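Before any comments, here is the structure.
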Amino acid sequence: MPVTPSAPAPTRPAVVAVARRRALHGWAYAAPTALLVVGLFVLPVLLVGQMSLSDWPLLAGNQGLNAPENYVDALTHRFFWDSVAFTLKYTLIATVLLIGLGLGLALLVQESSRWSAVLRTSILVPSALGLASASLLFYALYSPQVGPLSPLLQRLGLADGPVSFLGTPESALWSTVFLVVWRFAGFYMLLLMVGLQGIPHEVIEAARMDGANRWQSFVHVTLPLLRPSLALCTVLCVTGSLLAFDQFYILTKGGPDNSTLTVVQLIYNVAFQGQNDLGIAAALSIVVLVVLVVVNVAQMRAMRAGQED
């Protein structure tokens, strides 16, 4: 019986050539994304860093280095710490409400029922509307002159006169929070519903066979297995709330009396209104970027520590 000769083993130069070719293919696939990241993130961050270290009026351009004067002016700005306190307050309220309501809605619609599809769709519809468009819609709804809410409350006897939903600091905050919850609750419901559907049904059934009731199964089984989805929602919600701008700019313009001024809105005001100083605005932007990185790293570490436990 003839013996078939075996194929010769590849030489080292051939192996190196194949590996190099594969590496070049990988770089070719990654190059478009890398160019976008460099052009739309890295270069702008470097430019903002240069601005933060320079005397850079809006209309005069770069007037030379003045570090660390911009950072001193940014941290001692008369509205800086008030805007930080308000942004943190808004972030805490929005995060608790959005994740709590999103989880409740996800638990409500995850079960297959006669009305679940209609309910899911109705909750998700506001998520299709842009935040600026939703803010304009609610600005009209809240208007005491043309909005329907104030006359409705008067007809129901809940108000003696025109209701100013944006006229006081507390009412302006909660009116904006209501808009944000209406707009984003469906989005977080969808994320958490995906996480719930990824939990094996056998695990829940095993817990119930061991004598656990619904609440015990939820606390000791569902929540631990849902931790990655909750962590993702928390990161997205905290980051989005710390960078809040559109809703407050359209609804309140930071008022009344700068009581709803967020940090990002302060950056906008310093850069394009009043001071017209891009250097100080860039310094504020760098501070916000550093805080966001620290907050996100802390959240990711907390999530990993919880998973290891």
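The values are calculated or read from the model by the stated rules, or taken from the named source; none is laboratory data. Quick caveat: nothing in here was measured; it's all calculated off a predicted structure. Every residue, glycine as well, gets a Cβ built from its backbone with ideal geometry; the counts of neighbours run over all protein chains shown.
So for the range 57-80 (the condition being touching a Phe, Trp or Tyr at 6+ places or on another chain (Cβ under 7 Å), surrounded by 13 or more Cβ atoms within 10 Å (Cβ to Cβ) and under 27 Å from C233 (Cβ atoms)), does at least one residue qualify? Among the residues of the range 57-80, not one is touching a Phe, Trp or Tyr at 6+ places or on another chain (Cβ under 7 Å), surrounded by 13 or more Cβ atoms within 10 Å (Cβ to Cβ) and under 27 Å from C233 (Cβ atoms), which makes the answer no. The condition of being more than 20 Å from L284 (Cβ to Cβ), surrounded by fewer than 12 Cβ atoms within 10 Å (Cβ to Cβ) and modelled with pLDDT under 85 holds for only one of P2, P32, that being P2. Among the residues of the range 213-235, how many are touching a residue at least 24 places away in the same chain (Cβ under 8 Å) and either within 30 Å of T262 (Cα to Cα) or within 24 Å of the chain's Cα centre (by Cα) (or both)? Counting residues in the range 213-235 that are touching a residue at least 24 places away in the same chain (Cβ under 8 Å) and either within 30 Å of T262 (Cα to Cα) or within 24 Å of the chain's Cα centre (by Cα) (or both) gives 11.
Being buried (at least 18 other Cβ atoms within 10 Å of the Cβ), in a helix (DSSP H, G or I) and touching a Gly at 6+ places or on another chain (Cβ under 9 Å) holds for only one residue in Q265, Q247, and it is Q265. Every condition in (1) touching a residue at least 40 places away in the same chain (Cβ under 8 Å); (2) exposed (fewer than 13 other Cβ atoms within 10 Å of the Cβ); (3) in contact with a Leu (Cβ under 7 Å, 6 or more places away or on another chain) holds for Q197 except the one numbered (3).
Filtering L243, L289 for residues that are aliphatic (A, V, I, L, M), within 25 Å of L58 (Cβ to Cβ) and not assigned by TED's automatic domain parsing to the domain that holds A74 leaves a single hit, L243.
Of all residue pairs spaced 6 or more apart or on separate chains, those with beta-carbon atoms under 7 Å, a first member in the range 110-130 that is more than 13 Å from R183 (Cα to Cα) and a second member that is outside any loop (DSSP other than H, G, I, E, B) and modelled with pLDDT of 80 or more are Q110/M193; Q110/L196; Q110/Q197; S116/V109; L119/V109; R120/V109.
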